[in-house]
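Below is one structure; the comments refer to it alone.
Nothing in this text is a laboratory measurement; each read-out follows from the coordinates by a stated rule. Values in this document were obtained by computation on a predicted structure and should not be read as measured data. For neighbour counting, all protein chains shown are included, and Cβ atoms are generated from backbone atoms with ideal geometry for every residue, glycine included.
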Amino acid sequence: MHDPVPVALTPKTSNDRLLMHVLYGMHTVAWLSLGTLAVIALVVNYIKRGDEHHPLYLAHHAYMISTFWWTVLWLVVTSPLYLLFVLPGMAAHGIVGLWYLYRCLRGWLRFTNGATP
């Protein structure tokens with residue numbers, strides 16, 4: 001086995017931090033755009049994750065990506081509840097929406113404090 005090649009961590013600029021805050025903000029208010037902002041932020045997360053070497057930033061990109069896909073999964077799984085009656089479906093999607101909001105705010109606060117998600 002060979003030793004992995006160490007990657008020099010480039011210092012993060014204020015623009016890098018600003019982009020992460022914008023991405024968290026887009027994910028957080030995605031419900032205003034019926035998810036369009038979350039999809040745009042997701043694409044940027046995938047693009048930036050490919051260029052990223054800093055462990056904190058990598059962890060937060062992965063956190064936002066996984067939060068998005070878990071939310072989509074739970075929205076699809078709970079969608080059949082609308083067939084029973086509208087109320088169970090709305091309640092389930094409301095709970096999923098609150099969970100998504102919680103995950104976005106939790107990750108954003110942890111990023112602000114320099115902690116991994």
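Data table
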quantity: Test: residue in segment 78-89 that is in a loop (DSSP other than H, G, I, E, B), buried (at least 18 other Cβ atoms within 10 Å of the Cβ) and without any contact (Cβ under 8 Å) to a residue 40 or more places away in the chain; calculated: no
quantity: Failed item in (1) under 18 Å from the mean Cα position of the chain (by Cα); (2) farther than 23 Å from Ala115 by Cβ, with Thr67 passing the rest; calculated: (2)
quantity: Tyr24 vs. criteria under 21 Å from Thr13 (Cβ atoms), in a helix (DSSP H, G or I), in contact (Cβ under 8 Å) with a residue 40 or more places away in the chain and in contact with a Phe, Trp or Tyr (Cβ under 7 Å, 6 or more places away or on another chain); calculated: yes
quantity: Members of segment 96-109 found to be of a type outside the set (Ser, Thr, Tyr) and either in contact with a helix residue (DSSP H, G or I) (Cβ under 8 Å, 6 or more places away or on another chain) or in a loop (DSSP other than H, G, I, E, B) (or both), listed by number; calculated: Val96, Gly97, Trp99, Leu101, Arg103, Cys104, Leu105, Gly107, Trp108
quantity: Hits in segment 39-64 - residues which are crowded, with 17+ Cβ neighbours inside 10 Å and not in a helix (DSSP H, G or I); calculated: Glu52
quantity: Which listed residue is surrounded by fewer than 16 Cβ atoms within 10 Å (Cβ to Cβ) and at positive phi, from Gly114, Gly94; calculated: Gly114
